[in-house]
1. In this structure, does Asp58 turn out to be more than 24 Å from Ser116 (Cα to Cα) and among the acidic types (Asp, Glu)?
2. When the range 19-39 is examined, which residues are found to be of a type in the set (A, V, I, L, M, F, W, C) and open to solvent by 70 Å² or more (accessible area, probe 1.4 Å)?
3. Any chance you could count how many residues in the range 65-75 are surrounded by fewer than 19 Cβ atoms within 10 Å (Cβ to Cβ), out of contact with any Lys or Arg (no Cβ under 9 Å at 6 or more places or on another chain) and of a type outside the set (Lys, Arg)?
4. Just to check your reading of the model, which residue among Gly42, Gly16, Gly55 is surrounded by 14 or more Cβ atoms within 10 Å (Cβ to Cβ) and assigned to a loop (DSSP other than H, G, I, E, B)?
Amino acid sequence: QVQLVESGGGLVQAGGSLRLSCAASGIIFSIHTMCWYRQAPGKQRELVAAITPGGSRDYAESVKGRFTISRDNAKNTVWLQMNSLKPEDTAVYLCHAQKNRYNEYWGQGTQVTVSS
């Protein structure tokens, strides 16, 4: 049974920081590309950051220079360090794991709220 469990969300003031964690089980973590998505009310889900099994990273333009994605294959965990948070970063953040087009998994999400 595959599980992706996010934690670390919460309420923070603009300019503050949060660190999200996603703990994976039931998959061979090291061969999955791990991503963080977010979905705000009334908006489409968007890709925030991705990290490949080899460690290559990619970010949405809106978070470049503020967010950092990292992973530890020994701990089956991926993190999203979020600095200089803005009210527009408010969303549910979801962890996503993908091996190929046929094997992908989602977490339940963690709420991030940034007050102005």
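1. yes
2. Matches in the range 19-39: Ile28, Ile31.
3. Within the range 65-75, residues that are surrounded by fewer than 19 Cβ atoms within 10 Å (Cβ to Cβ), out of contact with any Lys or Arg (no Cβ under 9 Å at 6 or more places or on another chain) and of a type outside the set (Lys, Arg) number 4.
4. After ruling out the rest, the residue left standing is Gly16.
This table checks each residue for (1) closer than 13 Å to Val114 by Cβ; (2) of a type in the set (A, V, I, L, M, F, W, C); (3) open to solvent by 60 Å² or more (accessible area, probe 1.4 Å); (4) touching a residue at least 60 places away in the same chain (Cβ under 8 Å).
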{"site": "Leu4", "(1), (2), (3), (4)": "no, yes, no, yes"}
{"site": "Ala50", "(1), (2), (3), (4)": "no, yes, no, no"}
{"site": "Leu80", "(1), (2), (3), (4)": "no, yes, no, yes"}
{"site": "Pro87", "(1), (2), (3), (4)": "yes, no, no, yes"}
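The values are calculated or read from the model by the stated rules, or taken from the named source; none is laboratory data. In this text, all values refer to a predicted model and were calculated from it rather than measured experimentally. Backbone-built Cβ (ideal geometry, glycine too); neighbour counts: all protein chains shown. Heavy atoms of the whole protein, side chains included, go into the accessibility calculation; ligands, DNA and RNA do not. Shrake-Rupley method; radii C 1.70, N 1.55, O 1.52, S 1.80 Å.
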